[in-house]
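Reviewing the structure listed below.
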Amino acid sequence: MDSLQQRSSTVQEPPGAALAYRPTPPPAWQPRTDPAPLLPDAEPLRVLGTDAVADADPELLRRLYAELVRGRRYNAQATALTKQGRLAVYPSTTGQEACEVAAALALEERDWLFPSYRDTLAAVARGLDPVQALTLLRGDWHTGYDPHEHRIAPLCTPLATQLPHAVGLAHAARLKGDDVVALAMVGDGGTSEGDFHEALNFAAVWQAPVVFFVQNNGFAISVPLAKQTAAPSLAHKAVGYGMPGRLVDGNDAVAVHQVLTEAVTRARRGGGPTLVEAVTYRIDAHTNADDATRYRGDGEVETWRAHDPILLLERELTERGLLDEDGRREAAEAAETMAAALRERMNADPVLDPMDLFAHVYAERTAQLREQAEQLRAELDAESEAG
């Protein structure tokens, strides 16, 4: 028998042996986590219009309403500023105000918010000056505020890159023993980015105290969600990373606040990260530079207008006797006062110093930056003398 025949004979098994051979995988192959508790509910959680709303704090309901009204007026005023040439671009969150406001109110003062470029309203609801929130979109500075002072990371224009930053901060805080939770906001389009995967994977492995908040507004600019993912929901993606996924009606401000508060509390107590998907809708175009009529119809928009977050909460407050005409007028007047102040301040031309180009680039300027700064200073001095 030649060597080939010998090798062949060693792998032959007696008849019936293959059917009887059922090896048990080693322990390392067993699921590390029971997936059942991580799965989101089949339907988005709702509180408004259900029996659960009876347990909601009346003061919280009133505050949410006032912030939603203010947020809607903020969106309208910022959009108007783009048409007046005072803002270069504005990505509106009209229709998504419940998500923006609830995200801000779910955090403690010591926590950190990591917004995307669309989330200026969340920053304003957290207490940031509206003019500072819009500075990036005006084109004056990369960030118009001190992130450390406000515990708000810079508005992030590249999709999803703020998510790994949030994980890093949250993980570092846990290692230092700081009682800090990071809440990172992202759109449905951002979940298709590699940074989304990397952030969720690291967060779950490290059990970092971070909450990933996805606002699923139906479109990544013009790309509908069905063209991005075949998952049952974006919240289902959490299971693959070993964290719980929560699905919530993004236009139900009370439900969003409840789910985010629970996720923040869980993270603070050492329970690790949570992925929350809020199903909402972007009523306005992607930005003032977008023509949304090219990829969606008016009927779809009008359907979502009937599920407006302000109307939903206003109806509940009215039925419970927590809101009357005086309350509506007070909220509207406060919102208009904010908008008038924003309009006046944004209409003032900013005083710009070209030397600011070199500020906040490095803690200590490099030799190249020093050389460039000296060159620019000389050019400015020469222009001044010539003038």
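The values are calculated or read from the model by the stated rules, or taken from the named source; none is laboratory data. Just so it is clear, the model here is predicted, and its values are computed rather than measured. Virtual Cβ from ideal backbone geometry, glycine too; neighbours counted across all protein chains shown. Accessible surface is based on the protein model in full, side chains and every heavy atom, while ligands, DNA and RNA are left aside. Shrake-Rupley method; radii C 1.70, N 1.55, O 1.52, S 1.80 Å.
Assorted remarks:
- Just one residue in the set 122, 160, 173, 133 is more than 11 Å from the chain's Cα centre (by Cα) and buried (at least 22 other Cβ atoms within 10 Å of the Cβ); that residue is 133.
- Segment 125-148 residues that are in the same structural domain as residue 108 (by the TED database) and part of a loop (DSSP other than H, G, I, E, B), paired with ones that are open to solvent by 50 Å² or more (accessible area, probe 1.4 Å) and of a type in the set (S, T, N, Q) (beta carbon under 8 Å, 6 or more apart): 144/132; 145/132
- Number of the condition not met by residue 352 [criteria: (1) open to solvent by less than 80 Å² (accessible area, probe 1.4 Å); (2) not in a helix (DSSP H, G or I)]: (1)
- Every residue from segment 187-239 that is of a type in the set (Val, Ile, Thr), open to solvent by 10 Å² or more (accessible area, probe 1.4 Å) and either within 16 Å of the chain's Cα centre (by Cα) or closer than 22 Å to residue 92 by Cβ (or both): 191, 221, 223
- When segment 231-270 is filtered for residues that are in contact (Cβ under 8 Å) with a residue 12 or more places away in the chain, β-branched (Val, Ile, Thr) and more than 16 Å from residue 60 (Cα to Cα), the ones remaining, listed by number, are 239, 248, 264.
- Selection status of residue 312, touching a helix residue (DSSP H, G or I) at 6+ places or on another chain (Cβ under 7 Å), in contact (Cβ under 8 Å) with a residue 24 or more places away in the chain and either open to solvent by 80 Å² or more (accessible area, probe 1.4 Å) or within 27 Å of residue 57 (Cβ to Cβ) (or both): no
- In segment 255-281, of all residues being open to solvent by less than 10 Å² (accessible area, probe 1.4 Å) and part of a helix (DSSP H, G or I), the one that is farthest from residue 216 (Cα to Cα) corresponds to 267.
- Of all residues in segment 43-71, those that are closer than 21 Å to residue 248 by Cα, touching a residue at least 40 places away in the same chain (Cβ under 8 Å) and open to solvent by 60 Å² or more (accessible area, probe 1.4 Å) total 5.
- Tally of residues being in a helix (DSSP H, G or I) and either open to solvent by less than 60 Å² (accessible area, probe 1.4 Å) or acidic (Asp, Glu) (or both) across segment 338-349: 7
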